[in-house]
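The values are calculated or read from the model by the stated rules, or taken from the named source; none is laboratory data. Since the structure is predicted, the reported quantities are computational estimates derived from the model, not experimental observations. Here Cβ is always computed from backbone atoms with ideal geometry, including for glycine, and neighbour counts include all displayed protein chains. Accessible surface is based on the protein model in full, side chains and every heavy atom, while ligands, DNA and RNA are left aside. Shrake-Rupley method; radii C 1.70, N 1.55, O 1.52, S 1.80 Å.
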Amino acid sequence: MLLYLLLACREQEPINTEVCEEQISVTDMANGLTDKQKEVSYIIEEQFGKMDIPLNITAAAIVNAIAESRLNPNAIGDGGRAVGAFQLHKSGLGSNLSVKERTNVYTSANVIGIQILKNNNLYDLENNNAFIPDMTKTITEDIMRPDKLEEQKEKRSNLAKKIFPNRI
């Protein structure tokens, strides 16, 4: 009885009604990335997070970086004209950037992130619960614009299905 009285007289602690949301990491969900690739992917994810880019769009952009460079910030393509994880071309999205800036993952992620933020097609897909492969195709066509576009859209869409099989 004494225990009951002690418990009854004890001041009640307030109930925490806040919902605890665990942060989901796109990089952690990706299949088959090496440790080096994960480092680059985390940076892309961090930069896109600061821009409030949705996770599915972030995943689609990471798929494109894998297709472009295997997430290698030092990758060089197109005879030296395209460099970095996103292969920013000196006559395209990287036109105002030095090679050093285009190989900087933070800088290249911001360049791509700005393009994503301006792309209504991606946000229409996001709002309609589209799958990552469809978003990957849109980023490929509207932002990355590689040679052999239709072939690349299909290849990257299939890559998205392999990398993010649980989010398609």
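Some points to look at:
- Residue list for the range 105-132, filter: open to solvent by 60 Å² or more (accessible area, probe 1.4 Å), more than 18 Å from Ser157 (Cβ to Cβ) and under 16 Å from the mean Cα position of the chain (by Cα): Tyr106, Ile114, Leu117, Lys118
- Any hit, the range 86-101, residues being of a type in the set (Ser, Thr, Tyr), assigned to a helix (DSSP H, G or I) and open to solvent by 40 Å² or more (accessible area, probe 1.4 Å): no
- Flag if Asn166 is of a type outside the set (Val, Ile, Thr) and open to solvent by 70 Å² or more (accessible area, probe 1.4 Å): yes
- Every condition in (1) free of Cβ contacts under 8 Å to residues at least 40 places away in the same chain; (2) part of a loop (DSSP other than H, G, I, E, B); (3) buried (at least 19 other Cβ atoms within 10 Å of the Cβ); (4) not small (Gly, Ala, Ser) is met by Thr58 except one, and the failing one is (2).
- When Glu151, Glu126 are screened for being touching a Pro at 6+ places or on another chain (Cβ under 9 Å) and acidic (Asp, Glu), only Glu126 passes.
- Any chance Thr107 is under 20 Å from Val40 (Cβ atoms), touching an Asp or Glu at 6+ places or on another chain (Cβ under 6 Å) and not aliphatic (A, V, I, L, M): yes
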